1. Output the residues belonging to segment 169-219 that are of a type in the set (S, T, N, Q), out of contact with any Ser or Thr (no Cβ under 8 Å at 6 or more places or on another chain) and either in a helix (DSSP H, G or I) or more than 30 Å from T353 (Cα to Cα) (or both).
2. Please indicate, with yes or no, whether at least one residue in segment 220-234 is hydroxyl-bearing (S, T, Y), touching a residue at least 24 places away in the same chain (Cβ under 8 Å) and surrounded by fewer than 17 Cβ atoms within 10 Å (Cβ to Cβ).
3. Consider E204 carefully, then state whether it is over 18 Å from the mean Cα position of the chain (by Cα) and either more than 24 Å from A374 (Cα to Cα) or open to solvent by 10 Å² or more (accessible area, probe 1.4 Å) (or both).
4. Could you tell me whether L310 is among the hydrophobic types (A, V, I, L, M, F, W, C), touching a residue at least 12 places away in the same chain (Cβ under 8 Å) and touching a strand residue (DSSP E or B) at 6+ places or on another chain (Cβ under 6 Å)?
5. Filter segment 253-285 for residues that are more than 18 Å from S239 (Cβ to Cβ), crowded, with 24+ Cβ neighbours inside 10 Å and of a type in the set (S, T, Y) and give the result.
6. Which residue pairs have Cβ atoms under 8 Å apart, sit 6 or more places apart or on different chains, and have a first residue in segment 146-158 that is more than 11 Å from I135 (Cα to Cα) and a second that is open to solvent by 60 Å² or more (accessible area, probe 1.4 Å) and outside any helix (DSSP H, G or I)?
7. Residues that are open to solvent by less than 30 Å² (accessible area, probe 1.4 Å): find the strands (runs of 3 or more DSSP E) completely inside segment 292-404 holding 3 or more of those.
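The values are calculated or read from the model by the stated rules, or taken from the named source; none is laboratory data. Small disclaimer: the values here were computed from a predicted structure and weren't measured. No Cβ is skipped: glycine too gets one built from the backbone with ideal geometry, and neighbour counts run over all protein chains shown. Protein only, heavy atoms only, side chains kept; ligands, DNA and RNA dropped before computing areas. Shrake-Rupley method; radii C 1.70, N 1.55, O 1.52, S 1.80 Å.
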Amino acid sequence: MTRLTARLGAPPPRIPERLVPLLEAEAPRFSAAEMQRRRTALADALAEIGASHALIVGTDRRMSALQWLTGYPSNNLNMGIVSPGEQDLLLVPYPNHVAQAEVIAPDCEVVWNAKGAAAIALETLTARGARGQCIGIIGQANYSLLQQLRDAGFKLADLNRAYNAMRIIKSEEEFGWARVGCALSDLGIEALANDIRPGMTEHELATIIERAYLPWGGVTQIHFVGLTSMAAPDCCVPSQFPRARRVAAGDVVFAEISAVFWGYSGQVLRTYAVAAEPTPLYRDLYAVAEEAFNAVRKVLRPGVRPHDILDAAAVIGRSGFAVCDDLLHGYIGGYLPPVLGTHERPSGPIPDTELKENMAVVLQPSIMTKDGKAGVQTGECLRITRDGVERLHDAPWGFRRVGG
């Protein structure tokens, strides 16, 4: 038993014993072999475009190339420079960030300077002989930074698509960390089901969710919660921002929760009836959601193409209901392809791609009435295996009555 589990009890369900040390570590690290795999993939992508340097601009934690390559949780004020054969440079925006960055990203040279990250990036790239050469950009670089780079004589290439391709297929180590993020997400959704009571606001529901995984090192990526009366519904999808709306007996509550463990999150969606049995409309909505989930899940395997997935989800169109969100999308490391809606409500052009082993996807048939007044949420993150899929979550299924 570790110090953490002695204090908090047994670790969250579905975390194998071999992964418990990750929860105990001050700053968990991937193996040297895993980090070298990532650096090799980046070096290959740079070579393909004739570049010798990558400038990484921080983005949010769910798709941060900076964290994937250095270990440091990113935001849009951090930058990194990766030049194969040279030490990585991690630029932080504030002087008080240096100390912890050196602990979390020990293989990097961590730099703060009053000149600002952009100026130091330009100076470093110049010192590394990159002027006049091609620089690969990963992240959401703003116009000002791009203009400064061009004015300084650097040629620029967008590496974001290549980076997404690196993240689509996960290693076994990555799935280990993902299992932790999924288990922490499960803690959040199960706490919501167990503790919700009439009279609570959406703000209080958010508190229930967060306090379930924060002690284990989870960080909030999202916890979207929605509620409405089943008798007179006016909400079909969770709110992105909590409101002061209060839970009442006879309400339906639906949630989409992603807790992050050092850049690796789950995504779990569930629906609950509060202090009442589901009404006929909500039973019908949920039945279609569950049927669609099971139908699509059966076809998910390597080699399957988007049209096969859309055909499997045809029950939604036949039901007379619709979807209020994407039906399926790639996940862990970004909102990754393929992103699919339905035949009736596509999420964009149908991509010419196929599923591959060790992809992670979120399957989430969020079914609503066509007038947008009533809806349900169900779904979760799955791993594509050689023969089908593996559940990464352990949260109970079903349209449950909760709160009395």
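1. N194, T201, T207
2. No - not one qualifying residue is present in segment 220-234.
3. When the stated conditions are applied, E204 passes them.
4. Taking the combined requirement at face value, the residue does not satisfy it.
5. Y264, S265
6. Listed pairs, sorted by first residue: A152/R131.
7. 328-330, 336-340, 360-363, 379-384
Residues checked against (1) in contact (Cβ under 8 Å) with a residue 12 or more places away in the chain; (2) assigned to a helix (DSSP H, G or I); (3) buried (at least 20 other Cβ atoms within 10 Å of the Cβ):
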{"position": "A47", "(1), (2), (3)": "no, yes, no"}
{"position": "H53", "(1), (2), (3)": "yes, no, yes"}
{"position": "L66", "(1), (2), (3)": "yes, yes, yes"}
{"position": "Y72", "(1), (2), (3)": "yes, no, yes"}
{"position": "L77", "(1), (2), (3)": "yes, no, no"}
{"position": "P93", "(1), (2), (3)": "yes, no, no"}
{"position": "A101", "(1), (2), (3)": "yes, yes, yes"}
{"position": "K115", "(1), (2), (3)": "no, no, no"}
